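The values are calculated or read from the model by the stated rules, or taken from the named source; none is laboratory data. Note that the structure is predicted; figures quoted are calculated from it, not measured. With ideal geometry, Cβ positions are generated from the backbone for all residues, glycine too; neighbour counts draw on all protein chains shown. The protein model used for the area step is the full one, side chains on, heavy atoms only, and it has no ligands, DNA or RNA in it. Shrake-Rupley method; radii C 1.70, N 1.55, O 1.52, S 1.80 Å.
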Amino acid sequence: MKEFVDAGKAAGIVTLVAHKGEVVELDAVGYTDMDTRQPMTAENIFQLHSMTKPVVCLAAMQLAEEGRLSLADLVAKHLPEFRGQMMVAEAHPDGSKLLKPPTRPITVRDLMTHTSGMMLNPPAGIGELHGALHKSLADVALVLSQQPLEFEPGSKWQYSNTGIAALARIVEVISGQPLEVYMAKRIFEPLGMKDTYFFPPKDKWHRMPTAYILRDGKTLKYTSDPLGEGKMKFRDGAKYVLPEGGMYSTAADLLVLYKTILNEGRHGNFRLLSPAGLRLMRQSHTGDLRTGTPGAGWGLGWFVIKEQAGGQPMTPGTFGHGGRYGTFCFLDPKNDLIGIFLIHREGGSDERQAFTQMAYAALQP
């Protein structure tokens, strides 16, 4: 990792590897900021971006195990605004679309597996949502409910930020709590994840590294992204909880969560989820559909490796998720192995691929 920092491709990186429940590698290299040269430490708090998604799915699964939600439930059962949602039958060059009813409405499982047909990002009208964070989750769900599906539910895999937003709104409606409150009370606090937030407190802002972007081989400060070095970096004044990518956390906090998942949901006397529920989450639910990761299907919130492909070393059954700023995690039940890779830079994936390769190479006799 230090070689990437020395080459100027990354400002700083935190890596953690745990094997059989024990931390065997925890390192921080480089700097939180390339100008001030403040050293990166394992205590730094990172924006996780899409690594948030499987944790939101965990929250939904908790409600399912309490009998308050079913994976087969129609989304419209919990969000009535989704009733009568249409699908694009034909799209014309002039931008007009011919709509028709889908063969079936979308379900909770569709949202978790990115097979709902919902669009990737918010539509025109609230397209600035991910930068301004100026709408409530309830308002966003209402707008999304009026957008036509892009394909028949269950017929295709298409990564969808909006689908996870709809799932998060279901969690709010059923629990009667804002998403960030539910997640804190039901996941973060019981696990002792003291540095994990959707809206980080001001006294911890200084622990967040500068955000960068890799352009033409150069690492530049990411001032053009409101979530990077813009006005929403710390979510000050934000209304939108950003369930598709709003969590902040540390390597230590994430390790507790992932160890609990591999420990069949147990953390001391606290039960995060049942063993059966966790097994269901890490099974592929997408059959032969092509997903965005070579050799992988999609579980309930995670990619799930079905076969080694594309040069990646993860063994079948391994599951995980990445994030927009280069963050990444993998959990390997067969080898009882956890990998956590934290960086604050959009663009490029050489570092995290090298990290994964080295973690697996270290397993070899």
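Figures for the structure shown
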| item | result |
| --- | --- |
| Surface accessible to a 1.4 Å probe, per residue, for the residues of the chain, Å² | 42 |
| Segment 116-123 - phi-based ³J(HN,Hα) in whole Hz, Karplus 6.51/-1.76/1.60, Gly and Pro as x | 6, x, 5, 5, 4, 10, x, x |
| Spacing of the two label points (7 Å from each Cα toward its C-beta) at K20 and K77, in nm | 4.4 |
| Gaussian network model of the chain, springs between alpha carbon atoms under 10 Å - residue of V75, V140, V24 with greatest fluctuation | V24 |
| Per principal axis, descending, Cα span of segment 31-163 in whole Å | 57, 46, 27 |
| Potential extension, Q353-E189 segment - 0.36 nm per residue separation minus Cα distance | 55.9 nm |
| Within the chain, helix-based [θ] at 222 nm, where runs of 4 or more DSSP H residues each add -39,500 (n - 2.57), nearest 500 | -7000 deg cm²/dmol |
| The chain: most fluctuating residue of G12, G326, G317 per GNM, C-alpha cutoff 10 Å | G317 |
| Contact order relative to length of segment 68-157, as percent, for alpha carbon pairs under 8 angstrom and 6 or more apart | 38 |
| Accessible surface of segment 68-151, 1.4 Å probe, proportion on carbon and sulfur as whole % | 57 |
| Computed E for K239/R68 - FRET, C-beta separation, R0 30 angstrom, nearest 0.05 | 0.70 |
| Accessible surface ranking that places the most exposed of R83, R235, R68 first, with a 1.4 angstrom probe | R83, R68, R235 |
| Angle between the chain longest axis and helix 350-361 axis [Cα atoms, degrees, rounded to 10] | 70 |
| GNM flexibility winner over the chain from G348, G245, G237 (Cα, springs under 10 Å) | G237 |
| Rounded tilt (10° steps) of 53-65 against the dominant C-alpha axis of the chain | 60 |
| Spacing of the two label points (7 Å from each Cα toward its C-beta) at V173 and H267, in nm | 2.8 |
| 5 angstrom amide H check on T107, placed H, neighbours 5+ away | V75 |
| Length added when fully stretched, Q308-T36, from 0.36 nm per residue minus Cα-Cα | 93.8 nm |
| Heavy-atom SASA rank of S175, S160, S96 (probe 1.4 Å, accessible area, largest first) | S96, S175, S160 |
| Segment 321-336 - phi-based ³J(HN,Hα) in whole Hz, Karplus 6.51/-1.76/1.60, Gly and Pro as x | 6, x, x, 4, 8, x, 5, 6, 9, 9, 10, 10, x, 4, 9, 6 |
| Net charge, L71 excluded, C-beta distance under 15 Å - Lys, Arg +1, Asp, Glu -1 | +2 |
| Potential extension, A124-K204 segment - 0.36 nm per residue separation minus Cα distance | 25.4 nm |
